[in-house]
Amino acid sequence: MKLTDRDIEIIRYLEEDSRMSLRHIAGELDVSPTTVSNRVQKMKEEGVIEKFGLKMNLDKLDYSLTAIIKVKAKSDDLSKVLEEMEAYPCLTHIYETTGDFDVIGIGKFKSREEMTDKLVDLVQSPHIETTNTSLVLSTLREYDNSGLV
């Protein structure tokens with residue numbers, strides 16, 4: 001689907017607040033609510049908009065530790081490693097990558113002890129050759145898609 005300028009404007013309003021009413025967006029864009037509704041529906045059908053969501057402040061929920069876990073799979077075991085990593089809800093992002101490591105996972109934890117407890121089985125998997133974990137010292141930007149469209 002090729003996005004129109006109107007579609008991009010609608011997306012920007014929804015990025016700001018996904019609960020913003022379509023009527024409000026229509027008023028801001030000086031179009032009918034039906035036009036906005038039809039464009040949003042089309043973007044949902046085409047997969048441009050996958051879902052509307054909630055952005056939580058994980059620091060306020062005591063998930064103040066972010067770890068980046070780099071994993072090198074043993075030969076021919078990559079699919080097993082990916083499957084194992086998907087079973088860990090503490091890993092908020094999992095990427096299959098090129099370079100020295102096959103997979104990079106980003107996890108959220110309340111403490112180093114919790115991180116160790118939750119990941120000890122993963123890093124000892126027979127399908128993993130090696131891992132390298134880095135702790136994030138400060139976060140400049142996170143969970144921010146604004147500006148991409």
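Since every read-out is calculated from the coordinates, none of them should be taken as a lab result. Predicted, not measured: the structure shown is a model, and the values here were computed from it. Here the Cβ positions follow ideal geometry from the backbone for every residue, glycine too, while neighbour counts run over all protein chains shown.
Computed quantities for the displayed model
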| read-out | value |
| --- | --- |
| Residue satisfying condition, being in contact with an Asp or Glu (Cβ under 7 Å, 6 or more places away or on another chain), touching a residue at least 24 places away in the same chain (Cβ under 8 Å), farther than 16 Å from VAL136 by Cβ and of a type in the set (A, V, I, L, M), within set VAL31, VAL48, VAL103 | VAL103 |
| Test: residue in region 40-50 that is surrounded by 10 or more Cβ atoms within 10 Å (Cβ to Cβ), of a type in the set (S, T, N, Q) and in contact with a Lys or Arg (Cβ under 9 Å, 6 or more places away or on another chain) | no |
| Pairs where the first residue, in region 62-81, is under 17 Å from SER125 (Cα atoms) and the second is among the aromatic types (Phe, Trp, Tyr), C-beta under 8 Å, 6+ apart | LYS70/PHE101; VAL71/PHE101; LYS72/PHE101 |
| From the options THR92, THR130, THR116, residue that is over 30 Å from GLU16 (Cα atoms) and not in a helix (DSSP H, G or I) | THR130 |
| Restricting region 1-23 to residues that are surrounded by 13 or more Cβ atoms within 10 Å (Cβ to Cβ) and in contact with a Phe, Trp or Tyr (Cβ under 8 Å, 6 or more places away or on another chain), the residue that is farthest from ASP144 (Cα to Cα) | MET20 |
| Qualifying position, being more than 21 Å from the chain's Cα centre (by Cα) and charged (D, E, K, R), among ASP5, ASP59 | ASP5 |
